[in-house]
């Protein structure tokens, strides 16, 4: 996930607020609830915390109940049981994510250690790129540029296996592994592109990554569950039928990016979709990315992302909490494995595109009600 924000004139902020005056902005829930802390194997309630190291290095500070806190500990105390982390091949390469190496292997090692110290499960997301891989960009690492499909197949296998072996030597094996990120058009383009519903090249690459994880599991006490993650909800049936027809069947979890304003599958239809995916492909289903805004304008007063009110949930701190609660219950009702919120701790301006609008913290780093969605007493 990387936002492509649309800038709006500051004068539209008040107009937008007026248009949303009838939204459902729930009063703060003062009813005493028993806090429930779930095992991730019963219900994943997780967060992508990939940017935290970068945010903290740039002065980001997190606060809860008037006290500064380590963000990993803070999420754990609110019920977070799984952390998602993206891995870029070489972020310092030309055209890569950044020269400092954030989201490279050394940075990911630091992050996994922070999660594992608190007994949180880890979902390691291989992007197979030096920067963001998503539906708009699946760029091979600079070290693999121009290589033919048969070489890329071996590169994926060797790289995936070497990363996992490195993590095993540090006692940091992830519980889940994503073989690719938002691979809707394919991966390692152009070689791995889906062409006219021909998934064969993509299947070669996916099966190579899958084989690396399965071969690694033969030597590991922790045997990572494999997630395939094409992206939006509305393309799941097409994509998973396509890879099945091309011979990709050995994976454990269907991963969905669920941003309701960008999908035709609205909240009331998500339950049905999850059930259909489970029954059709006999796999678990996990929402690996989602979020919801708590405010309309960033700290500098600029609207980076045009506010979209979904299902009447207000764009407010309490509206954000209400939305995540409703989405989590919908996932459970559909038989889903759980939910991972995308970058809810990205609060500083360190390579930021306005992510602070969807964080679980205000502009000063103070915690917001959204964190509470993780320990709600959901119905099963």
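Here are the numbers:
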quantity: With Cα atoms, 0 to 90° folded angle of helix 267-281 axis to the chain main axis; calculated: 20 degrees
quantity: Share, in percent, of DSSP beta bridges within region 12-375 that are antiparallel, nearest 5; calculated: 20 percent
quantity: Residue 250 versus residue 165: modelled label distance in nm, points set 7 Å from Cα along the beta carbon direction; calculated: 1.8 nm
quantity: Principal-axis tilt of helix 105-117 within the chain, Cα atoms, nearest 10 degrees; calculated: 60 degrees
quantity: Candidates 76, 42, 223: whichever shows maximal mean-square fluctuation once the chain is modelled as a Gaussian network with Cα springs under 10 Å; calculated: 42
quantity: Gyration tensor verdict on region 242-380 (Cα atoms; rounded if a/c is under 1.5, prolate if a/b is larger than b/c, oblate otherwise); calculated: prolate
quantity: Contact order relative to length of region 216-285, as percent, for alpha carbon pairs under 8 angstrom and 6 or more apart; calculated: 34 percent
quantity: Relative contact order computed over the chain (Cα-Cα under 8 Å; 6+ residues apart), in percent; calculated: 23 percent
quantity: Over the chain: helical MRE at 222 nm, DSSP H runs n ≥ 4 each giving -39500 (n - 2.57), nearest 500; calculated: -9500 deg cm²/dmol
quantity: Sorted peptide list for 228-236, 174-182, 88-96, criterion being average Cβ within 10 angstrom, highest first; calculated: 174-182, 228-236, 88-96
quantity: Principal-axis tilt of helix 200-217 within the chain, Cα atoms, nearest 10 degrees; calculated: 90 degrees
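Every number in this text was worked out from the coordinates using simple rules, so none of it is lab data. What you see is a predicted model, and the numbers here were worked out from it, not measured in a lab. Glycine gets a Cβ as well: all are built from the backbone with ideal geometry, and neighbour counts include every protein chain shown.
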